[in-house]
Amino acid sequence: MSFPLLTATAVLPAVGAIATAAVPAARRTAAKWLALLVSLATLALAVTVLVRFDPDGARYQLTESRSWIAEFGVRYELGVDGIGVALIALTALLIPFIVLAGWHDADPLETKSSRWRPTQGFFALILAVEAMVIISFAATDVFLFYIFFEAMLIPMYFLIGGFGDRAHSGTDENASAQRSYAAVKFLLYNLVGGLIMLAAVIGLYVVAGNFSLQEITEARANGTLEMATSTERWLFLGFFFAFAVKAPLWPLHTWLPNAMGESTAPVAVLITAVVDKVGTFAMLRFCLGLFPEASKWATPVILVLALISIVYGALLAVGQRDIKRLVAYASISHFGFIILGIFAMTSQGQSGATLYMVNHGLSTAALMLVAGFLISRRGSRLIADYGGVQKVAPVLAGTFLIGGLATLSLPGLAPFVSEFLVLVGAFARYPVVGIIATIGIVLAALYTLVLYQRTMTGPVKPEVSAMPDLRARELLVVAPLIALLIGLGVYPKPLTDLVNPAVKHTMSDVQQKDPKPDVEAAK
Amino acid sequence: MENLIALLVAAPLLGAAVLLCGGRRLDRVGHWLGTLLAAASFVVGAVLFADMLGRGAEERTLSQHLFSWIPVEGFQADVAFQLDQLSMTFVLLITGVGTLIHIYSIGYMEHDERRRRFFGYLNLFLAAMLILVLADNYLLLYVGWEGVGLASYLLIGFWQHKPSAATAAKKAFLVNRVGDMGLSIAIMLMFTTFGTFAFGPVLEATGETSEGKLTAIGLMLLLAACGKSAQVPLQSWLGDAMEGPTPVSALIHAATMVTAGVYLIVRSGAIFNGAPDAQLVVTVVGAVTLLFGAIVGCAKDDIKKALAGSTMSQIGYMILAAGLGPIGYVFAIMHLVTHGFFKAGLFLGAGSVMHGMNDEVDMRKYGGLRKYMPVTFVTFGLGYLAIIGFPGLSGFFSKDKIIEAAFAKGGAEGWILGSVALLGAAITAFYMTRVMIMTFFGEERWRHRATASPDQPSAEPAAETHGEHDEPHPHESPRSMTIPMIVLAFGSVFAGGFFSIGDRFMHWLEPVTRHDHGHSPLSAATVTGATMVVLIIGVALAYVQYGRRPVPVTAPRGSLLTRAARRDLLQDDFNHVVLVRGGEHLTRSLVYVDHTLVDGVVNGTAASVGGLSGRLRKMQNGYARSYAVSMFGGVAVLIAATLLMRAV
Amino acid sequence: MNPVNYLYLAALLFAIGATGVLIRRNAIVVFMCIELMLNACNLAFVAFSRLHGNLDGQIIAFFTMVVAAAEVVVGLAIIVSLFRSRHSASVDDASLMKL
């Protein structure tokens, strides 16, 4: 058996997490550097995965398979397709930036009234999340996936509840109360989703007799595994509910603004750019792969919910007064696009949705991290507390604008490619849906530009007049993200080449063909 | 040769990248670098043009495939350029006029500490516009399309510290986004109809689909064009866009941005030719905007806003011509080019006037400036004569042709459109004469300025440094500003005649756009005669009202129409009440709904679970005997149940 | 005598014991009532043993006695220590099971 590359990619951050947590309390800086090094090493491993992966080869590659709980047919099975590789690469790429951006977020506070916050714990938890996310993206055993899908909640809970945003409008107790409210809400929402999924996982085992994604998919495809229509639909709903909470889809979204608003900017990025992607990824891989018929059955409702998410999220983003909550609602709108692309059941839609997951990760990271830098300077999350920042900190304002433009999917930046593919994919099958979704692009411009205008332009407010521009560390975080956004916007071919074959497989899972253009159909 | 095409785009793009990322080091050379790269692009364009002239009419299309952009199953978008006569015309206009505006800006923006960035944005504008006209498929065109929107956003809001500028920039971008929605829906429609959105295949396959589809695509393209070209109902951003520095206005109005819509319609000619209904809507939009812009132009006292109204109206002419189909395509483009010359000249002239007048924009505080700014006066005057269509100057040839073509449309439609175009010509003559008289002739009203209303808002921020209450000392602008104006004045005078001799321009564009003479119910001479008559009427009316009587320094209340026109015919009020207020209410109520209803359901569930468990908790009172009761009770129930089961 | 009568007696004793557990507060009395219930069970077991003609019931009765003896040891110890700390043998005073 060859070197277990995927396991190594996941184990490295896990070991790193333990090592970081074990660094003595006084050696804070050492813990930070250790976490950064581990995340960079993980990135190197992820790049190796990317290089070793052959897009045109077998569907699942770099597979590993070991017996684990033999009594229930649970196996430790890993393997990645193009979509998984892309998302593992995204995760491994973002973590170093998250670590670097959160460099000072967990430093102990000077004031007595606040709790002492262990730096080691913060970075260890981030690495732990990374390890679990990577396993989730690589797992091809449903039970294995489920375990890590749920286990992720534990470190996330502590990251949200334990390390809140220092820029809080209220008093310390108030801040801490809201923080724990957000953390508990996050946990409960996802636990409920997870429990329903657990029932469905058990149900699947009862029906199929094992947990292997590949085996079940194959058996479904060649007809050896029959499922009663109602059984399939119930199981599908069980899985989908959990993923829709995680993604999050309207009306299961309300935990996200709280969680993103109360946590520090890097953790907010971790939630929306990394952890939530597991939800949409799992829809694509598990919902469509395991329950193709039920997926088609549920499509109309899901498309409507996705459309509501797109428009509703964007409208709410317009109405927000808090920068981070605004970004959170914008993300809800974007997740609507991703889900729309997945369930449009066209090649363009699904390729677009996959690209969207990657690009949304990059664009939100860029916007949110710069917003975090901004917030840490002024100590307030309220949009109204800013004004004229571009005069005193032009680089900060410029990067913020680019992040914003990426969020509104300006052509030439990466998110445009994916958003347009999703729109085209949706339009090809459901023209009305496609047209309604385009309203989202106008609203995206509205909330982004309003945010930019209110914070960055206009007369300089006295409170921001002494604001320093981006520091070297911060620039190091933002510059590569922006370079990637531009690079993938101009030349997304490497990514599409990676994703296309995987999408083809998914399309054949659900036995769907792209609608033919009118002109060809007429011939 | 075709490998040079990418260089056209690359030069300004490089300029933008270097200037925007270069930092303060480049402050001293930035403007030269920007200008040089714009000029380099023009030189490349000229070389390609010379090469193109050397080949036969049917072999003039060059194409360059750079790389495959978005390859997805069944969906293929390439970064590929196509240079034909139509693109070439635009390339020369964009880079030529663009370079002149760059040169002008060196002087105009001399005292602005962010001049380097300004040139970076200008280069970005050129690059985006070049991508727009050189793209060989609609998706790449879309990149240029939005790139232009971005550049205009950055430039209109260049003086971001002014809230009005930031708002205007945002408004321009948002209104354009509404138009962009149309373009993206059009592209999606093309994709589902033809399976592709490259110009060649789409335009060839128009015959194979239904008229309904073509109409839908056409209308969506028109929506896009309305956004970019400031046509009714998406015209409201154009007036506010005057918040930007004056060279930006010149660039937006003459060489880039607003011409994009005309390009899009002419480029998609094959689609519109197959969809007469869409064409009709295009002509109606053009005709309405033509009058709308002209009426607004009559009422504005701000020199730049008056010119903005005029642009709207002139673009309306072009859209009208483009809607006429093959009869009008050539003339739309021809008017676009001549308009590019004289409108750029007029704006640069206006900038020059403002430069000499402490950045005052209110024409009521000008007057008699011809003595102090002779070069500006002459170049502006030539631009004025060109735009009103003075015989022999550029505007005369191009506008006259459009009016003729409108009549040639035939039927009642033709008569209506033709009359509207004639009426537009009269109003154009009126408001341009008004601008001319109020600025350069009459009493020197600026001498009494200090007693007038000093709190009048001023558009340019440099006013802060000059001190607003000083009496201005009108003076001619530096040479870097006057030379571009002189060059443009030459263009305004001679371009039209040059194009029309032997129908040169028509033969040049014909292979791309096709041309159809139509059957005009009126002879060319009649139309020209009628145009001359309305022209004289317009000028005479303006002279009577503004030349013979003194112009009051503060604007009179005016008639209902004047007041409405000053407020852009109430369009902004409509937008404000319906869209802005309505939107605010909508978002506010949604925020409330999200908080109370959606989140309320969740929190309610949590609270009821909490309440239930609170009640359950009360049963655990710690008294051993009460536990014993429940135990005995439970056992009793169990036994009873067992007995019952037995009995049954 | 009919062995069924012993069962009636056992039921009566059990009911007396149960009532005592429920209504008396003194821990010692409660304890004695529990013993009474246990012994009622023993009586029932022995009666059943007799009725069915095998020894199982009698054996279980022995077990019950052993358990009861062990319980008395532990239980009395608890009651004594409770009384020492609270100067009361009332079960209601010791609602310690509630947090």
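Residues in the stretch B:348-384, backbone N under 19 Å from the label point at B:F498 (7 Å along the Cα-to-beta-carbon vector): list them, ranges by number please. In the stretch B:348-384, the label zone of B:F498 (backbone N under 19 Å from the point 7 Å along Cα→Cβ) covers B:379-380, B:382-384.
Evaluated at q = 0.06, 0.12, 0.13 Å⁻¹, a Debye calculation over the C-alpha positions of chain A (equal weights, vacuum) places log10 I(q)/I(0) at -0.26, -1.08, -1.27.
GNM remark for chain C: springs join alpha carbons under 10 Å apart, and the peak mean-square fluctuation among C:L22, C:L36, C:L82 falls on C:L22. Residue ranges A:229-240, A:390-401 sort as A:390-401, A:229-240 when ordered by packing (mean number of other C-beta atoms within 10 Å per residue, highest first). Cross-link reach is defined here as a Cα-Cα straight distance under 29 Å, omitting same-chain residues fewer than 8 places apart; for B:K618 the lysines meeting it are A:K185, C:K98.
Is there a quick way to get the dipole size of the protein assembly as shown? I mean about its Cα centre, with the Cβ of Lys and Arg at +1 and of Asp and Glu at -1; what is the value in debye to the nearest 20? Spell out each step's value before the answer.
Working: 89 positive and 84 negative charges, 583 e Å.
About 2800 debye.
With respect to chain B, whose longest principal axis is taken over its alpha-carbon atoms, helix B:258-267 is tilted by about 90°. Radius of gyration over Kirkwood radius for chain B, both on Cα atoms: the Rg/Rh ratio is 1.16.
Modelled label positions at B:H517 and B:E204, each set 7 Å beyond Cα in the direction of Cβ, lie 3.1 nm from each other. What the Cα atoms of the stretch B:226-292 give is an Rg and a Dmax of 13.3, 42 Å. A 1.4 Å probe over all protein chains sorts B:K365, A:K461 by accessible area into A:K461, B:K365, starting with the largest. Paramagnetic label reach from B:E476 (point 7 Å along Cα→Cβ; backbone nitrogen cut-off under 15 Å): within the stretch B:362-397, residues B:369-381. Per residue, the average separation of C-alpha pairs within less than 8 Å and at least 6 apart gives the stretch C:25-86 a relative contact order of 32 percent. Label positions at C:M65 and B:D572, each projected 7 Å from the Cα along the C-beta direction, are separated by 10.7 nm.
Spin-label model, C:T19 to B:A524: label points 7 Å out along the Cα-to-beta-carbon direction sit 12.7 nm apart. Solvent-free Debye calculation, one equal scatterer per alpha-carbon of the protein assembly as shown: log10 I(q)/I(0) at 0.06, 0.09 Å⁻¹ equals -0.60, -1.13.
Pull out a ≥ b ≥ c, the square roots of the eigenvalues of the alpha-carbon gyration tensor of the stretch B:125-185, then state rounded if a/c is under 1.5, prolate if not and a/b is larger than b/c, and oblate in the remaining case. Oblate, since a/c reaches 1.5 and b/c is not below a/b.
Annotation: lysines with alpha-carbon distance below 18 angstrom to A:K493 (same-chain offsets under eight excluded): A:K504. Computed from the Cβ-Cβ distance with R0 of 56 Å, the FRET efficiency linking B:E110 to A:E293 stands at 0.20. Do the alpha carbons of any pairs in B:K228/B:K343; B:K304/B:K343; B:K170/B:K343 sit beyond 20 Å of each other, and which pairs? In this structure, B:K170/B:K343 lie more than 20 Å apart at Cα.
Restricting the calculation to Cα atoms, the stretch A:358-475 yields a radius of gyration followed by a Dmax of 16.3, 54 Å.
The aspartates and glutamates whose alpha-carbon is closer than 16 Å to the alpha-carbon of A:K391, local same-chain residues fewer than 8 away aside, are A:E463, A:D469, B:D112, B:E113.
Calculated mean residue ellipticity at 222 nm for chain C: -27500 deg cm²/dmol, from DSSP H runs with n ≥ 4 weighted as -39500 (n - 2.57), summed, divided by the residue count and rounded to 500. Largest mean-square fluctuation among C:I34, C:I23, C:I79, in a Gaussian network model of chain C whose springs join Cα atoms under 10 Å apart, belongs to C:I23.
Using the heavy atoms of the protein chains and a 1.4 angstrom probe, tell me the accessible area per residue for the protein assembly as shown in square angstrom. The partial results should precede the final answer.
Working: 47730 Å² over 1270 residues.
Dividing the accessible area of the protein assembly as shown by its residue count gives 38 Å².
Per residue of A:427-439, other chain Cβ atoms within 10 Å of the residue Cβ number 3 on average. Principal-axis analysis of the Cα atoms of chain B puts helix B:138-156 at an angle of about 80° to the longest axis. Expressed per residue, the C-alpha convex hull volume of the stretch C:25-86 stands at 47 Å³. Over the stretch B:234-375, the ratio between the Cα radius of gyration and 2.2 N^0.38 Å evaluates to 1.14. Within the listed set C:R84, C:R24, C:R50, the residue fluctuating most in the Gaussian network model of chain C (springs between alpha-carbon atoms under 10 angstrom) is C:R84. Taking only the Cα atoms of the stretch A:434-498, the ratio Rg/Rh comes out at 1.12, with Rh defined as the Kirkwood radius. As I understand it, the value is the acute angle between the Cα axis of helix B:374-388 and the longest principal axis of the Cα atoms of chain B; what does it come to in degrees, rounded to 10? Taking the Cα atoms of chain B, the angle to B:374-388 is about 70 degrees. In this structure, B:D27 and B:I486 have a Cβ-Cβ separation that, at R0 = 25 Å, corresponds to a calculated FRET efficiency of about 0.30.
The values are calculated or read from the model by the stated rules, or taken from the named source; none is laboratory data. From a predicted model like this one, the values you see are computed outputs, not experimental measurements. Using ideal geometry, Cβ is built from the backbone for each residue, glycine included, and neighbour counts are taken over all protein chains shown. Just the protein is used for accessible areas: all its heavy atoms, side chains included, with ligands, DNA and RNA removed. Shrake-Rupley method; radii C 1.70, N 1.55, O 1.52, S 1.80 Å.
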